[in-house]
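All remarks here apply to the structure that follows.
The values are calculated or read from the model by the stated rules, or taken from the named source; none is laboratory data. What you see is a predicted model; the values in this text were computed from it and never measured. Positions of Cβ are generated from backbone atoms using ideal geometry, with glycine treated the same way; all protein chains shown enter the neighbour counts. In case anyone asks, the SASA skips ligands and DNA or RNA and just uses the protein heavy atoms, side chains included. Shrake-Rupley method; radii C 1.70, N 1.55, O 1.52, S 1.80 Å.
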Amino acid sequence: MTHSTLFTNARLIDPATDSDALGWVHVVEGAITEVGRKAAPQTDEVVDCGGKCLAPGIVDIGVKVCEPGERHKESYKTAGAAAAAGGVTTMVTRPDTLPAIDTPEVLEFVERRANEAAPVNVLPMAALTKGRDGKEMTEIGFLLDAGAVAFTDCDNVVTDPKVLSRALSYARSCGALVIAHPQDPGLSKGAAATAGKFAALRGLPAVSPMAERMGLDRDMALVEMTGAKYHADQITAARALPALERAKKNGLDVTAGTSIHHLTLNELDVADYRTFFKIKPPLRAEEDRLALIEAVKSGLIDTISSMHTPQDEESKRLPFEEAASGAVGLETLLPAALRLYHNGDLTLPELFRAMALNPAKRLGLESGRLEAGAPADLVLFDADAPFVLDRFKLKSKSKNTPFDGARLQGKVLATYVAGVAVYRRD
């Protein structure tokens, strides 16, 4: 017996057609069968969306779940609950665990744990080199067979160009996507802030944004040499954008993302050495933030992600230089992104192009769009509902968010994976 659901009276946000209009979505057996604006078909169940926004679920590339090794920071159960509450229907998880996800056995363990514990889709990435130490590439072919969707050493930059070129060549022969962290590790070593007047006044060890540009230039040369599929995890500096634009114009198979924190915060937010604002790369100047928004709008930057990085209180309550980098972001990604909508910087279809459609396309997924045949991974949200964020109410185990106490606008009302509600706001 097939089950059908009609989501009616919805403000449909479809990034694939760049549309934002009232309509309905018909779902049968977990997949969208029809989207329309006129007479709707008869169904078993009707969900009245009350004129609120219905969009494709967010596909978040670069989520850190601390299993195996650091479950006290985040588990698949808590990350999955946080994702569902944030409208994230697919978490693409990082391999920077203890031990690193660098063998098919560890990958299979992670997949099993994720499928048992998380109510949303979990797609694991695997390490590009063994132990993420940049010396010897992993068994990319075997890891692909075991379910890895991409390969990355996360923020451990592979410093040996010969090792990286071999890994890129091998990945290309397998059709695998490599995700890299564009950064010159020598220049950025020990940095806690972006170089400039503010960092100098605060006495913080800083790094020039040129370190990102230099890292990207090197990577683009190796991609040109090998023809590999490449995605830059975070472009955060305006100086790196011309190199990215050149690579795309030259026909290289290159995409790039940025984090929601770099789009909505700047270096001045660190203010009185607030360690919840310490992330990697460090927050940039306001000119960089504005340039990133423009790059997302033009499509030069393809994806926006949370770069969800849980850290416990002990690792954050330290002097700024010594404190761990990273912020949780699964639940705050959408309300923070809606700041850009309310400011008039980006439309809702433009936001969901970067948060749902483009990440899905890059990973070869059918999700991220409102069209027949796509999975019914959906988020229903009120774009205008105001609230003040209380970090202790977050579903993540770790509460290290820079948005604690911030006034935000936009609440997730419900999240659906394959047509089934995995979260409903009380």
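A few notes on this one:
- For the stretch 207-240, the candidate set comprises residues that are among the β-branched types (V, I, T) and without any contact (Cβ under 8 Å) to a residue 60 or more places away in the chain; within that set, the residue that is surrounded by the fewest Cβ atoms within 10 Å (Cβ to Cβ) is V223.
- L204 open to solvent by less than 50 Å² (accessible area, probe 1.4 Å) and in a strand (DSSP E or B): no
- When A100, A167, A81 are screened for being farther than 17 Å from T309 by Cβ, under 21 Å from the mean Cα position of the chain (by Cα), at pLDDT 95 or above and aliphatic (A, V, I, L, M), only A81 passes.
- Count of the stretch 111-129 residues which are of a type in the set (V, I, T) and under 19 Å from the mean Cα position of the chain (by Cα): 2
- Hits in the stretch 249-287 - residues which are over 20 Å from the mean Cα position of the chain (by Cα), farther than 17 Å from P319 by Cα and not in a helix (DSSP H, G or I): N250, G251, L252, A285
- Residue ID - surrounded by the most Cβ atoms within 10 Å (Cβ to Cβ), chosen from residues in the stretch 303-320 that are of a type in the set (S, T, N, Q) and touching a residue at least 12 places away in the same chain (Cβ under 8 Å): S306
- When we screen K280, K297 for residues that are surrounded by fewer than 22 Cβ atoms within 10 Å (Cβ to Cβ), in contact (Cβ under 8 Å) with a residue 60 or more places away in the chain and out of contact with any strand residue (DSSP E or B) (no Cβ under 8 Å at 6 or more places or on another chain), the only hit is K280.
- Residue check, L348 modelled with pLDDT of 95 or more, within 28 Å of A385 (Cα to Cα) and in contact with a helix residue (DSSP H, G or I) (Cβ under 7 Å, 6 or more places away or on another chain): yes
- The single condition among (1) modelled with pLDDT under 95; (2) closer than 19 Å to A240 by Cβ; (3) of a type in the set (D, E, K, R) that E212 does not satisfy is (1).
- When residues of the stretch 301-320 are limited to those that are within 15 Å of E70 (Cα to Cα) and part of a loop (DSSP other than H, G, I, E, B), the one farthest from the chain's Cα centre (by Cα): D312
- Hits in the stretch 155-192 - residues which are buried (at least 16 other Cβ atoms within 10 Å of the Cβ), of a type outside the set (V, I, T), touching a residue at least 40 places away in the same chain (Cβ under 8 Å) and part of a loop (DSSP other than H, G, I, E, B): D155, N156, A176, H181, P182, Q183, A191, A192
- The residue that is most open to solvent (accessible area, probe 1.4 Å), counting only those in the stretch 4-19 that are outside any strand (DSSP E or B) and closer than 14 Å to M355 by Cα, is D18.
- Selection of first residues in the stretch 346-361 that are over 18 Å from Q234 (Cα atoms) and of second residues that are in a loop (DSSP other than H, G, I, E, B) and at pLDDT 95 or above, restricted to Cβ pairs under 7 Å at least 6 apart or on distinct chains, gives the following pairs, ordered by first then second residue: P349/P15; P349/D18.
- One residue from D302, D253, D272, D288 being at pLDDT below 95 and among the acidic types (D, E): D272
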